[in-house]
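S.K.: I'd like to ask some things about the structure below.
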Amino acid sequence: MLSKRIIPCLDVRNGKLTKGVKFKDNVDIGDPVETARHYYEQGADEIVFYDITASSEGRGIFLDVVERVASQIFIPFSVGGGINTVADMRAVLLAGAEKVSVNSGAVKNPDIISEGAAAFGAQCVVLGMDVKRVDKSEAIPSGFEVVIHGGRKFTGLDALEWAKTGEALGAGEICLNSIDADGTKDGYDLELTRLVCESVRIPVIASGGAGNPQHMADAFTKGKASAALIASIVHYGEYTIRQIKEQIADQGVRMRMVW
Amino acid sequence: MLAILDYKAGNQTSVRRALDHLGIKNLITNDPDVLAKADGIIFPGVGAAGQAMDELTSGGLDEVLKALIWQEKPLLGICVGCQILLDYCEENDTRTLAVIPGECRLFNPSWSEEDGTPIRVPHMGWNRVVLKKDCALFKDIPAEAEFYFVHSYHPAPKAEFIIGETNYGEHFCSVHGRTGLWAVQFHPEKSGTPGLTLLKNFHEYCLEAQNAQ
């Protein structure tokens, strides 16, 4: 039986690890390579890096971070942020990432999913989705709408339809982030997670809102997620990854406990 | 020195980084002379079987590999490199190297996990390997260790070549081959300490085989 995965998410800005709340008020909190290695040694199952740098100079620094991570960390990691073309994908994969996450770039140009899957394999392409709760309507029957640009722009896409479209285009996995829950530490949006998990047959990573191990256990059991993304609760040292895994495993959820 | 086979369809650099980390000399190459001189060969792979076979055959590397395997050059196939050693892969309806009898099949979407939920494909994440036979690759690796998998097709070799199995809805073969010719469906280069130990064990076997000759 496949273990459920715990995935720390590292936002990187100008080569530094940073953390914001609801995509705002970012503060630098450390070195991403050192932090990633620390999580690797603690038993993280995978790591996600998001480049939230805007400048091209920052992009070069970010790719250097990816290369340094790849030479020190022997678990899979994915990279997202600013991926708009197959060339962008190739650059991060060559730097050593296993997977590349497309988000706004895929909303603007869905073909990037199929082109990326054809060039590098479906297992490489993660569809990142930022989702906000809205009133149910004809256009958004689920009441969950896809948003882009860090939650600032509504797309008119229903989250469940977009997840199915992404799967059909060849995405190998979905990273599902609730903007409403992000940074709150009140738990994942379990309704959203379960609806998306039931709409597709590719693995889904729950994201946004993790405050304690119970939230992650709920994402796996009630939300049916394959993996859970975490940030603040490990970045600020409230829990170690081992503590998180032990508490989840105590509830009968299969976790990888030897590393 | 271990040779990492370069056929433009693999994850050569990930394997190289893991070997560098272990202090094992290695070279990414498609030069038949270098492959012949190496203590052992790692045959990596990601992506699709059809494309990988095309890359191998267009450069004549398929025949080079088969000849080296015939001469008992130690070889470790990883992921697509593990699948291609079989006769046939359902992916792109591909005739493969036919070094180990068997075929490679798409995961059956009607399989379900222990809790009753249908399996998701690809099989992506960490899972265990239950050994059916002693295997030098797994020396010093605890039974509860897990390895990182990411694949939609799984090997189904002839029973006598099954070395290890993994459960994903049903049991499937995740390690096959024979002593000195091993194929693993997971990615040891991305499986933390157990994976690095497996690569180290392969290297040690290669050196012993070299000394024995």
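S.K.: Residue A:72 passes all but one of (1) surrounded by fewer than 17 Cβ atoms within 10 Å (Cβ to Cβ); (2) out of contact with any helix residue (DSSP H, G or I) (no Cβ under 7 Å at 6 or more places or on another chain); which number fails?
M.R.: Against the list (1) surrounded by fewer than 17 Cβ atoms within 10 Å (Cβ to Cβ); (2) out of contact with any helix residue (DSSP H, G or I) (no Cβ under 7 Å at 6 or more places or on another chain), residue A:72 comes up short only on (2).
S.K.: Could you please give the count of residues in the range A:163-181 that are surrounded by fewer than 24 Cβ atoms within 10 Å (Cβ to Cβ) and either within 14 Å of the chain's Cα centre (by Cα) or within 23 Å of residue A:100 (Cβ to Cβ) (or both)?
M.R.: 7
S.K.: List the helices (runs of 4 or more DSSP H) inside the range A:150-259, counting only whole elements, that have at least 2 residues being at pLDDT 95 or above and farther than 30 Å from residue B:152 by Cβ.
M.R.: A:213-221, A:241-249
S.K.: Could you give me the residue pairs with C-beta distances under 6 Å whose first residue belongs to the range A:123-152 and is within 14 Å of chain B (Cβ to nearest Cβ), whose second residue is surrounded by fewer than 22 Cβ atoms within 10 Å (Cβ to Cβ) and among the aliphatic types (A, V, I, L, M) wherever it lies, and which are 6+ apart or on separate chains?
M.R.: From residues that are within 14 Å of chain B (Cβ to nearest Cβ), the pairs are A:125/A:117.
S.K.: Sticking with this structure for a sec: Looking for something crowded, with 22+ Cβ neighbours inside 10 Å, at negative phi and in a strand (DSSP E or B) - is there at least one such residue anywhere in the range A:104-123?
M.R.: no
S.K.: Considering the range B:1-40 alone, what residues qualify as being of a type in the set (Gly, Ala, Ser) and in contact with a Leu (Cβ under 7 Å, 6 or more places away or on another chain)?
M.R.: Within the range B:1-40, B:3, B:18, B:36, B:38, B:40 meet the criteria.
S.K.: Could you look through the range B:42-55, keep only residues that are of a type outside the set (Gly, Ala, Ser) and closer than 12 Å to residue B:85 by Cα, and pick out the one that is surrounded by the fewest Cβ atoms within 10 Å (Cβ to Cβ)?
M.R.: B:53
S.K.: Considering A:45, A:88, which residue is buried (at least 23 other Cβ atoms within 10 Å of the Cβ), within 19 Å of the chain's Cα centre (by Cα) and either under 24 Å from residue A:130 (Cβ atoms) or modelled with pLDDT under 95 (or both)?
M.R.: A:45
S.K.: Out of all the residues in the range A:232-245, which are in contact with a Gly (Cβ under 8 Å, 6 or more places away or on another chain) and within 23 Å of residue A:129 (Cβ to Cβ)?
M.R.: Within the range A:232-245, A:232, A:233, A:235 meet the criteria.
S.K.: Please list, ordered by first then second residue, the pairs with beta carbon atoms under 6 Å, 6 or more apart or interchain, first in the range A:37-65 and more than 14 Å from chain B (Cβ to nearest Cβ) and assigned to a helix (DSSP H, G or I), second surrounded by fewer than 18 Cβ atoms within 10 Å (Cβ to Cβ) and of a type in the set (Phe, Trp, Tyr).
M.R.: none
S.K.: Only residues that are out of contact with any Cys (no Cβ under 8 Å at 6 or more places or on another chain) and within 11 Å of chain A (Cβ to nearest Cβ): list them for the range B:39-56, please.
M.R.: Passing the criteria: B:47, B:48, B:51, B:52.
S.K.: Which one of these does residue B:160 not meet: (1) at pLDDT 95 or above; (2) out of contact with any strand residue (DSSP E or B) (no Cβ under 7 Å at 6 or more places or on another chain); (3) within 14 Å of chain A (Cβ to nearest Cβ)?
M.R.: (3)
S.K.: Condition first: within 14 Å of chain A (Cβ to nearest Cβ), farther than 21 Å from residue B:179 by Cα, buried (at least 18 other Cβ atoms within 10 Å of the Cβ) and out of contact with any Leu (no Cβ under 7 Å at 6 or more places or on another chain). Can you find one or more residues in the range B:97-106 that meet it?
M.R.: No: the range B:97-106 contains no residue that is within 14 Å of chain A (Cβ to nearest Cβ), farther than 21 Å from residue B:179 by Cα, buried (at least 18 other Cβ atoms within 10 Å of the Cβ) and out of contact with any Leu (no Cβ under 7 Å at 6 or more places or on another chain).
S.K.: While we're on this one: Within the range B:7-38, track down each residue that is over 22 Å from residue B:193 (Cα atoms), within 14 Å of another protein chain (Cβ to nearest Cβ) and buried (at least 16 other Cβ atoms within 10 Å of the Cβ).
M.R.: Of everything in the range B:7-38, those that are over 22 Å from residue B:193 (Cα atoms), within 14 Å of another protein chain (Cβ to nearest Cβ) and buried (at least 16 other Cβ atoms within 10 Å of the Cβ) turn out to be B:9, B:28.
S.K.: Of everything in the range B:119-131 that's more than 7 Å from chain A (Cβ to nearest Cβ), surrounded by fewer than 23 Cβ atoms within 10 Å (Cβ to Cβ) and within 17 Å of the chain's Cα centre (by Cα), which residue is farthest from residue B:177 (Cα to Cα)?
M.R.: Per the criteria, the residue is B:128.
S.K.: Which of (1) of a type outside the set (A, V, I, L, M); (2) touching a Ser or Thr at 6+ places or on another chain (Cβ under 6 Å); (3) away from every other protein chain (no Cβ under 11 Å); (4) closer than 25 Å to residue A:124 by Cβ is the odd one out, the single condition residue B:140 does not satisfy?
M.R.: Only one criterion is unmet by residue B:140, namely (4).
S.K.: Of (1) in contact (Cβ under 8 Å) with a residue 24 or more places away in the chain; (2) surrounded by fewer than 18 Cβ atoms within 10 Å (Cβ to Cβ), residue B:138 satisfies all except one. Which?
M.R.: Condition (2) is where residue B:138 drops out.
S.K.: I've got another one for you. So how many residues does the range B:149-165 have that are buried (at least 23 other Cβ atoms within 10 Å of the Cβ) and of a type in the set (S, T, N, Q)?
M.R.: 0
The values are calculated or read from the model by the stated rules, or taken from the named source; none is laboratory data. This structure is a prediction, so every number in the text was calculated from the model and none was measured. Positions of Cβ are generated from backbone atoms using ideal geometry, with glycine treated the same way; all protein chains shown enter the neighbour counts.
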